[in-house]
Amino acid sequence: MSLIPQNLQAITSTIVAAAQDVGRAPQSVQLLAVSKTFGPDAVLEAVQAGQRAFGENYLQESLDKIAALKAAGAPVLEWHFIGPIQSNKTRPIAENFDWVHTVEREKIAQRLSEQRPAGMAPLQICLQVNISGEASKSGVAPAELAALAHKVAALPNLTLRGLMAIPEPAEDFAQQRAAFARLRVLYEQLRAEGLALDTLSMGMSADLRAAIAEGATIVRIGSAIFGSRNYNKA
């Protein structure tokens, strides 16, 4: 028997409690269910439990999944691309997703803008920031963020919504919160420069409470909803 509906309920309760603990309205935090490596049936179970926004990392897997969900008669879903973006993959992302959280270069943003089909709503964009300065992590360096943000905000067919980060893992709540605070400061600086940002995409299963305490508006939760992943299937 699947635990997905129960897991969704538990995560929603955690989000509500975390928001209330810091005086925030629970509805100010959106749950993005990260469904990478899980098939259409798992997504459909989450849909039947009321979930509508899904995050995907692997392009071909996600395109197959989006098509399968449409064929199964699923309601209109919100698809977020949250994986690394190669230049030769921008067109299908521009054509099939509502949000992209992982823009870190002007060239990628330009291609997404040019390749967004006419008649579709603007593609909602978050800039990924390498907030912990890890060599192994993607993301624009904080010192280069403002220049990139203003360039992306000026592109047609895109709407720059905010920032995303995956900080270095930390067990301690205070350390987790400090990393998210650095992203929030950058976000507030960009808003002060006149950019109409409203989104902080930060926090995953292990650190969502700290992220919410620092203002996360989207938390990206995968294993706590769908269970452990088998990456050999990805």
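Miscellaneous remarks
- Single unsatisfied condition, CYS126 versus (1) assigned to a loop (DSSP other than H, G, I, E, B); (2) in contact with a Phe, Trp or Tyr (Cβ under 8 Å, 6 or more places away or on another chain); (3) not acidic (Asp, Glu): (1)
- Pairs meeting the criteria (first residue in the range 214-225 and open to solvent by 10 Å² or more (accessible area, probe 1.4 Å) and outside any strand (DSSP E or B), second residue of a type outside the set (D, E, K, R) and modelled with pLDDT of 95 or more, beta carbons under 6 Å, at least 6 apart or on different chains) are GLU214/PHE180; GLU214/ALA181; GLY215/LEU200; THR217/THR199; THR217/LEU200; ALA224/ILE11.
- Selection from the range 25-51 of residues that are open to solvent by less than 50 Å² (accessible area, probe 1.4 Å) and either in contact with a Ser or Thr (Cβ under 7 Å, 6 or more places away or on another chain) or farther than 19 Å from LEU69 by Cβ (or both): ALA25, PRO26, SER28, VAL29, LEU31, ALA42, VAL43
For (1) surrounded by fewer than 16 Cβ atoms within 10 Å (Cβ to Cβ); (2) among the aliphatic types (A, V, I, L, M), each residue gets a yes or a no:
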| residue | (1), (2) |
| --- | --- |
| LEU160 | no, yes |
| ALA178 | yes, yes |
| ALA192 | yes, yes |
| THR199 | no, no |
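- Screening the range 1-92 for helices (runs of 4 or more DSSP H) wholly inside it with 2 or more residues that are under 25 Å from PRO122 (Cβ atoms) and of a type outside the set (A, V, I, L, M) returns the ranges 59-71.
- GLU78 vs. criteria open to solvent by less than 10 Å² (accessible area, probe 1.4 Å) and closer than 28 Å to GLN6 by Cβ: no
- Checked against (1) open to solvent by less than 30 Å² (accessible area, probe 1.4 Å); (2) hydroxyl-bearing (Ser, Thr, Tyr); (3) outside any helix (DSSP H, G or I); (4) free of Cβ contacts under 8 Å to residues at least 60 places away in the same chain, THR102 passes all but condition (4).
- In the set (1) among the charged types (D, E, K, R); (2) farther than 27 Å from THR159 by Cβ; (3) touching a Leu at 6+ places or on another chain (Cβ under 9 Å), ASP41 fails one condition alone, (3).
- Verdict on ARG229 being within 28 Å of ALA46 (Cβ to Cβ), open to solvent by 20 Å² or more (accessible area, probe 1.4 Å), of a type in the set (Lys, Arg) and assigned to a strand (DSSP E or B): no
- Of the residues making up the range 65-75, those that are open to solvent by 20 Å² or more (accessible area, probe 1.4 Å) and touching a residue at least 12 places away in the same chain (Cβ under 8 Å) number 4.
The values are calculated or read from the model by the stated rules, or taken from the named source; none is laboratory data. Computed from a prediction, not measured in an experiment: that's the story for all the values here. Please note: Cβ atoms are built from the backbone with ideal geometry, for glycine as well, and neighbour counts cover all protein chains shown. With ligands, DNA and RNA removed, areas are computed over all heavy atoms of the protein, side chains included. Shrake-Rupley method; radii C 1.70, N 1.55, O 1.52, S 1.80 Å.
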